[in-house]
Amino acid sequence: MSDTQRTAPRAFIFDCDGTLIDSMGMWLTIYPELVARYGISMTPEDFAATESLALPDEIAYYHEKLGIGESAEALIAELRGMLVDRYAHTIPLREGVAGFLEQARAAGIPMAIATSTDEDLVRSALVRLGIDGFFPVLVTTAEAGASKEHPDVYDLALERLCAATGSEVPAHRDVWVFEDAMFGLASSGSAGYRRVGVYDPHGRADREVVRSRCEIFVDEFSELPLERILSFTEGE
């Protein structure tokens, strides 16, 4: 492909859990830990079917299915107490993330986060890890009104990012989505976004499936120089 077919990225949209921060191992164990408080034994795989849902919907489902907690709201509050502690104190940054974000900011590429996790939890981790300032916009699936099985949250993040930067909304092919989840990679790709698939060894996604659903695949951001994206051409 010739250089004329290269398009400089107009924006980056990042998933957070499993992509920027190393939290998926925690998510796989926290639900079994929660239901164990009620004498119920379940494995991380038992929760796979609801992984794409926003937290309130997911917990409401298990309140009704398992009959635990005085109400869905009470069970959500109990889980949130567990999550607040982990996001505020223990979840680490994934390897190479800070350096990549510095490169993108130096290149003038605006960045946003599109996440299924509650904003306050994500912000507490970003602030503690020193990367909150890279993201003027953070959008949740709850705000978008649809799970990541649909591209709505990426679209809303892009619209808000362009509003914040005073720029026109670009074509999706000029925007890169960074994701570890297979359903997020599939939905963003179906909407025309270009994708960096970030493999998370602690998540449920199969490495080769992640590789098959993106334009650029990495195991860690430390192996992703910004130039690799800037020089990307279709069919590479």
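Quick query: amide H of Ile21 versus all other amide H atoms, modeled in the peptide plane; which residues come in under 5 Å with a sequence gap of 5 or more or a different chain?
Arg94
Go through Ser41, Ser71 and list them by solvent-accessible area, largest first, probe radius 1.4 Å. Walk me through the numbers before you get to the answer.
Details: Ser41 115, Ser71 35 Å².
In descending accessible area the options line up as Ser41, Ser71.
Dipole of the chain, Cα-centred, from +1 at each Lys and Arg C-beta and -1 at each Asp and Glu C-beta, to the nearest 20 debye? Let's see the in-between values first.
Details: 20 positive and 40 negative charges, 83 e Å.
Value, rounded to 20: 400 debye.
Using the Cα centre as the reference, give the magnitude of the dipole from point charges on the C-beta atoms of segment 1-129 (Lys, Arg: +1; Asp, Glu: -1; all else neutral), rounded to the nearest 20 debye.
Values: 10 positive and 20 negative charges, 110 e Å.
Here segment 1-129 has a charge dipole of around 540 debye.
At 222 nm, what helix-only mean residue ellipticity would the chain give, in deg cm²/dmol to the nearest 500, using -39500 (n - 2.57) for each DSSP H run of four or more? Please report the intermediate quantities before stating the final value.
Values: 10 runs with 102 residues, N = 236.
The per-residue figure over the chain is -13000 deg cm²/dmol.
Give me the accessible area of Arg204, 1.4 Å probe, in Å² rounded to the nearest 10.
We get 80 Å² for Arg204.
Would you work out which of Pro9, Leu66, Ala157 lies farthest towards the positive end of the dipole of the chain, given +1 charges on the beta-carbon of Lys and Arg and -1 on that of Asp and Glu, about the Cα centre?
In the chain, that residue is Pro9.
Could you tally the net charge around Glu45, taking each other residue with its Cβ under 11 Å from the Cβ of Glu45, Lys/Arg +1 and Asp/Glu -1? If you can, show how the numbers build up before the last one.
Numbers: positive: Arg204; negative: Asp46, Glu51.
Value of the local net charge: -1.
How large is ³J(HN,Hα), in whole Hz, for each residue of segment 223-233 in order, when computed from phi with the Karplus curve 6.51 cos²θ - 1.76 cosθ + 1.60 and θ = phi - 60°, using x for Gly and Pro?
Computed from phi, the couplings for segment 223-233 are 9, 10, x, 4, 4, 4, 7, 4, 9, 5, 10 Hz.
So what's the Cα pair-distance distribution over segment 102-183, bin width 10 Å, in %?
Going out from 0 Å in 10 Å bins, segment 102-183 shows 17, 51, 31, 1 percent.
For segment 40-145, max minus min Cα coordinate along each principal axis, in Å, sorted largest first?
Its Cα atoms span 51, 29, 23 Å along the three principal axes.
Towards the positive end of the charge dipole of segment 1-140, with charges on Cβ (+1 Lys, Arg; -1 Asp, Glu), say which of Pro56, Val35, Gly18 has the farthest Cα.
Among Pro56, Val35, Gly18, the one farthest towards the positive end of the dipole of segment 1-140 is Gly18.
Given +1 on the Cβ of Lys and Arg, -1 on the Cβ of Asp and Glu, and no further charges, what dipole in debye does segment 127-236 carry about its Cα centre, rounded to the nearest 20? Intermediate results must be reported in sequence, preceding the final value.
Details: 11 positive and 20 negative charges, 23 e Å.
For segment 127-236, the charge dipole is close to 120 debye.
The values are calculated or read from the model by the stated rules, or taken from the named source; none is laboratory data. These numbers come from a predicted model, not from an experiment. Counting neighbours? That spans all protein chains shown, and the Cβs are built from the backbone with ideal geometry, glycine included. These accessible areas exclude ligands, DNA and RNA; they are computed on the full protein's heavy atoms, side chains included. Shrake-Rupley method; radii C 1.70, N 1.55, O 1.52, S 1.80 Å.
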